[in-house]
Amino acid sequence: DGGITQSPKYLFRKEGQNVTLSCEQNLNHDAMYWYRQDPGQGLRLIYYSQIVNDFQKGDIAEGYSVSREKKESFPLTVTSAQKNPTAFYLCASRPGQGTYGYTFGSGTRLTVV
Amino acid sequence: GQQLNQSPQSMFIQEGEDVSMNCTSSSIFNTWLWYKQDPGEGPVLLIALYKAGELTSNGRLTAQFGITRKDSFLNISASIPSDVGIYFCAGRPRETSGSRLTFGEGTQLTVNP
């Protein structure tokens, strides 16, 4: 079955460490997105990519980095520059033009200890 | 960025009751989407709306794309316990290029058996 796989489901990080969250899709979707979700808030866009080897900053990109070397993969690195990284991170993808419904992964919960 | 006002923030209802929630914006949207998120999971697309005035059903769920293109409504009829979760509206503003969506802050629904 096609879908989006995020790993790991739970991740603990010490302050000052970088950590990379994985997102893989086998839906042959062109566009991929990373969102951050905090309790009581909506989804805030971190980065997005509409084609391979290209990506754009979202609304809260500071302290994060991404790459899009393959169509299937869009990893997110949370760097030590991110001041409050504890959150639920969601990856999503979308087919090409004309369809705007995103398919989401099941999320990664990152906790800084 | 664009903002969506979603209300109510939370609802506590009895099983069998009908539910209504809505999203409004100060600007025109070309697309409205409704998602449901179960605890610890990613949102799942319920209904997508692409034309002003469009009314679409998915089982006990019905959503409408407002005539002004600045709002959308979701109704759930005869609620059941598995309807519990967070419901998000999302939209694509008319002036947005590409595929970025704006999300509301969610409506937390609790259904008492």
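Taken together, the values in this text are just the output of simple stated rules run on the coordinates, not laboratory data. Nothing here was measured: the structure is a model prediction, and the numbers come from that model. All Cβ positions, glycine included, derive from the backbone under ideal geometry; neighbour counts span all protein chains shown.
On inspection, B:Ser79 passes the criterion of being over 23 Å from A:Gly107 (Cβ atoms) and crowded, with 20+ Cβ neighbours inside 10 Å. Among the residues making up the stretch A:80-101, those that are under 29 Å from A:Arg13 (Cβ atoms) and among the aromatic types (Phe, Trp, Tyr) are A:Phe88, A:Tyr89. Scanning the stretch B:43-73 for residues that are of a type in the set (A, V, I, L, M, F, W, C) and either within 14 Å of chain A (Cβ to nearest Cβ) or within 20 Å of B:Ser26 (Cβ to Cβ) (or both) yields B:Val44, B:Leu45, B:Leu46, B:Ile47, B:Ala48, B:Leu49, B:Ala52, B:Ala63, B:Phe65, B:Ile67, B:Phe73. B:Ser26 satisfies every condition listed in (1) more than 24 Å from A:Gln50 (Cβ to Cβ); (2) of a type in the set (Gly, Ala, Ser); (3) within 12 Å of chain A (Cβ to nearest Cβ) except (3). In the set (1) closer than 22 Å to A:Leu45 by Cβ; (2) surrounded by fewer than 20 Cβ atoms within 10 Å (Cβ to Cβ), the condition left unmet by B:Asp18 is number (1).
When the strands (runs of 3 or more DSSP E) confined to the stretch B:13-86 are screened for residues that are touching a strand residue (DSSP E or B) at 6+ places or on another chain (Cβ under 8 Å) and free of Cβ contacts under 8 Å to residues at least 40 places away in the same chain, those reaching at least 2 such residues are found at B:44-49, B:55-58, B:61-65.
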